[in-house]
Amino acid sequence: MEVYLDNAATTRPKDEVIEAISWALKNLYANPSSLHRKGLEVEKEIKECRKVVARALGCSDKEVVFTSGGTESNSLAINGLIMANRRSGNHIITTKTEHKSVLNTFEHLSSNGFEVTYLDVDREGFISLERLKESMRPDTLLVSIMHANNETGTIQPIMEIGEIIKKINRNTLFHVDGIQGFGKIKFNVKQANVDTYALSGHKIHGPKGIGALYIKSGVKIQPNLLGGSQENNLRAGTENVPGIVGLAKAASLISEENIEYMRGLKAYLVKSLHECIDDIHFNNGINDNFTPHIINVSFKGIRSEIMLHSLEQDGVYVSSGSACTSRKKDFSHVLKAMGLKEDIIDSAIRISISYTNTREEIDYAVDKINKHLNDLRKIIKR
Amino acid sequence: MGKVVIVRYGEISLKGLNRRFFEDKLLKHVRIAVSDLGKPRVYKEHSRIYVEAQNGNEVEIVERIRKIFGIVSISIANRFEVNMDTIKEYVKNEIEVAIEKRNTKTFKIETKRADKNFPMDSLEINRELGAYILDEFEDIQVDVHNPDILVTVEIRNSAFVYSEKIYGFGGLPLGTNGKAMLLLSGGIDSPVAGWLVGKRGVQIEAIHFHSYPFTSDRAKEKVVELAKILSRYFGKFRLHSINLLPIQKEINEKCPEEEMTILARRFMMKIAERVAINRGCEALVTGENIGQVASQTIQSLNVTNSAVQIPVFRPLITMDKMEIVDLAKKLDTYETSILPFEDCCTVFLPKRPVTKPRLDKILASEQLLDEERLINEAMDNIVVEDIYLDEI
């Protein structure tokens, strides 16, 4: 049996998505910028796709820019906002638990003379709203805070954060990395004080290499890529049409029902693990402040990579820390920022589900975790 | 008559009565290396090997044969019928190119006259060619001690003119000194050790121990990658992979913790020896070195050594880490070796390993294990791969 539980890293494309992409490859091969009818056909289809993604975000289709994925969306937002609104100040704020695509962009900005405040998080990964208020200054140009954390699923209170920011300094821009949140949390960008919101295709059963950025209408932003006038002059380069079609199809499959299903499955997984495993340490919570798809758990004494490779023998795929950094030897910066002890971080496993997983799969995975844990603990008893 | 690649081999020519055997091996390796380049003519003549280039593929030929053990140096020469005017023309051409490409200011001509029937002697030829060059080019001078370019003229049954010498690794042709089994880990040392033994004409096979699932498939992939780099020097060879984890588990369960590493190493040696004998290898090769880690003290090496009957070659035994790193860089394994995947299992790494083990104590610990069964089970699960040269 194969049980794929690494959905925070990548989800498997849904059949409908694969069909839509293959249809697009076959039929929508013209360049949407071409003047002929064939080009117009493709342009129209992209327009439809943009509407679908806009609906999922709760905004107007004019506010959606397609990019090559989450990293580019974050980069376009952060660099683009800063470059276009340079006069608002020199101070920028983010958190210590952001994804590397945000953190490394901030580090780069810091080495280029920007003053950066990195907000701490508590034991569960939440920032302190008080601390955010204190950090805000008249020259705060940008705040970038992720919606949901990719390692722990911690959901930051974006609505409140947006309000706080705009109340203190209405010139301060607010970017949200929504890559793990999109499709997992009921959220409407229009109802929140959010200027930009990033999302990615392969986290919602769409293809890799495609993402989008919500840019609130009226917000000034500078493109990262220069070239043609595609995407309203914000993202040059011939559109990734099959990707866009796939992303739209995947976005159309987002539903409250699926979110509720995941929530139930996660609760079931947590309960099952609790029931059969001793000395288990949950690094995140299961209430509504956490996404319905991620659990982060430590099996003390067993290095996460060993557990991961043990499980893969039975076709169970999980992640150690976050997939992007698990190949490096250094510890997860997220769990470290949460103040977890070294042995807890060293043995942390991220199990991330999707609405395509079943209870049977969870039973199988828990059974295998239990089996390997018993074996491994016997070996590493001293 | 066109471009010809001259291949020189030094040590082989000292081999007296066995010389033919060594030369033929080398000839064979050169032939194999260039066989897919339109089967150029490869032949032996006056203690050198010649490869005739076709359609300007001489640089490709050099690139192919540069790594063959036993080759001391290589030159790309123009070969033509002996005639003083033609010689002048080619010498002039060499110098012209050098002036254009490398801003050459000084030159020297060196003539080797093997054909004593040629009317002028070497010094006369040098003098005449030198005078001719000084006439032809304005800003160039003779420097007999440290010239920017040395043009060599050889007069044999045909004439050769060349000015560059590309150095090979020397040593002896592969297969002239039997076969050995290399214990290949994912680290920096073992590929270098294998290469050094190969340089002395010893063909290798390799054996790799892993501890899956305590180590990952990526670590295993890295070893295959290293083996592929080695196959640039060794050609196709066999890689045997063995999971040591069941043995490590049993040691961990039954023996003193601090002896974990040394006991595991003795098992590796014993298994390697059996595989070696099965595969017609007459020695083991390891990347061990005095004092590099706790398991490489003289006492530890002694205890490991006594696990096997066949000789164990440790070509790195006295080298400093930096010397090994330099060699690894030279043979192109370094970048792969330092990829951060674990090789041997660090989970079982004892907190305080014995650094001066006593053989009697180690043997007593081994008595606690069902050695024969463990080794047989490990041997039953060997995974064999033939490593090909799939890149140049």
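List the number of the failed condition for residue B:317; all other conditions in (1) surrounded by 17 or more Cβ atoms within 10 Å (Cβ to Cβ); (2) free of Cβ contacts under 8 Å to residues at least 60 places away in the same chain; (3) aliphatic (A, V, I, L, M) hold.
That leaves (1) as the condition not met.
If I go through the range A:352-369 residue by residue, how many of them are surrounded by fewer than 17 Cβ atoms within 10 Å (Cβ to Cβ) and of a type outside the set (Val, Ile, Thr)?
Total satisfying the criteria: 4.
One residue is enough: does the range B:85-98 have a residue meeting the conditions in contact with an Asp or Glu (Cβ under 7 Å, 6 or more places away or on another chain) and not in a helix (DSSP H, G or I)?
no
Within the range A:350-370, work out how many residues are more than 13 Å from every other protein chain (Cβ to nearest Cβ) and in a helix (DSSP H, G or I).
Selection size over the range A:350-370: 11.
The conditions are (1) open to solvent by 30 Å² or more (accessible area, probe 1.4 Å); (2) without any contact (Cβ under 8 Å) to a residue 40 or more places away in the chain, and residue A:187 fails exactly one of them. Which is it?
(2)
What do you reckon, is residue B:145 in contact with a Cys (Cβ under 9 Å, 6 or more places away or on another chain) and open to solvent by 10 Å² or more (accessible area, probe 1.4 Å)?
no
Scanning the range A:191-222 for residues that are under 20 Å from residue A:239 (Cβ atoms), part of a loop (DSSP other than H, G, I, E, B) and among the aliphatic types (A, V, I, L, M), which turns out most open to solvent (accessible area, probe 1.4 Å)?
A:221
If you scan the range A:281-305, which residues turn out to be buried (at least 20 other Cβ atoms within 10 Å of the Cβ), not aromatic (Phe, Trp, Tyr) and not in a loop (DSSP other than H, G, I, E, B)?
Hits for the range A:281-305 are A:294, A:295, A:296, A:297, A:298, A:304, A:305.
Is there a residue in the range B:59-81 that is β-branched (Val, Ile, Thr) and either surrounded by fewer than 14 Cβ atoms within 10 Å (Cβ to Cβ) or in contact with a Ser or Thr (Cβ under 6 Å, 6 or more places away or on another chain) (or both)?
yes
If residue A:103 meets every condition in (1) without any contact (Cβ under 8 Å) to a residue 12 or more places away in the chain; (2) within 29 Å of residue A:240 (Cα to Cα) apart from one, which number is that one?
(1)
Whether any residue in the range B:260-278 is in contact with a Lys or Arg (Cβ under 7 Å, 6 or more places away or on another chain) and either within 14 Å of another protein chain (Cβ to nearest Cβ) or open to solvent by less than 50 Å² (accessible area, probe 1.4 Å) (or both) is what I want to check.
Scanning the range B:260-278, I find no residue that is in contact with a Lys or Arg (Cβ under 7 Å, 6 or more places away or on another chain) and either within 14 Å of another protein chain (Cβ to nearest Cβ) or open to solvent by less than 50 Å² (accessible area, probe 1.4 Å) (or both), so the answer is no.
Working carefully through the options B:294, B:283, B:276, B:307, find the one that is in contact with a Phe, Trp or Tyr (Cβ under 9 Å, 6 or more places away or on another chain) and within 22 Å of residue B:210 (Cβ to Cβ).
B:307
Filter the range A:324-335 for residues that are more than 13 Å from every other protein chain (Cβ to nearest Cβ) and surrounded by 16 or more Cβ atoms within 10 Å (Cβ to Cβ); which is modelled with the lowest pLDDT?
Once the filter is applied, the top-ranked residue is A:332.
Which of (1) in the same structural domain as residue A:225 (by the TED database); (2) more than 20 Å from residue A:213 (Cβ to Cβ) is the odd one out, the single condition residue A:64 does not satisfy?
(2)
The values are calculated or read from the model by the stated rules, or taken from the named source; none is laboratory data. None of the values given here were measured: they were computed from a predicted structure. Using ideal geometry, Cβ is built from the backbone for each residue, glycine included, and neighbour counts are taken over all protein chains shown. Surface accessibility is based on the protein's heavy atoms, side chains included, excluding ligands, DNA and RNA. Shrake-Rupley method; radii C 1.70, N 1.55, O 1.52, S 1.80 Å.
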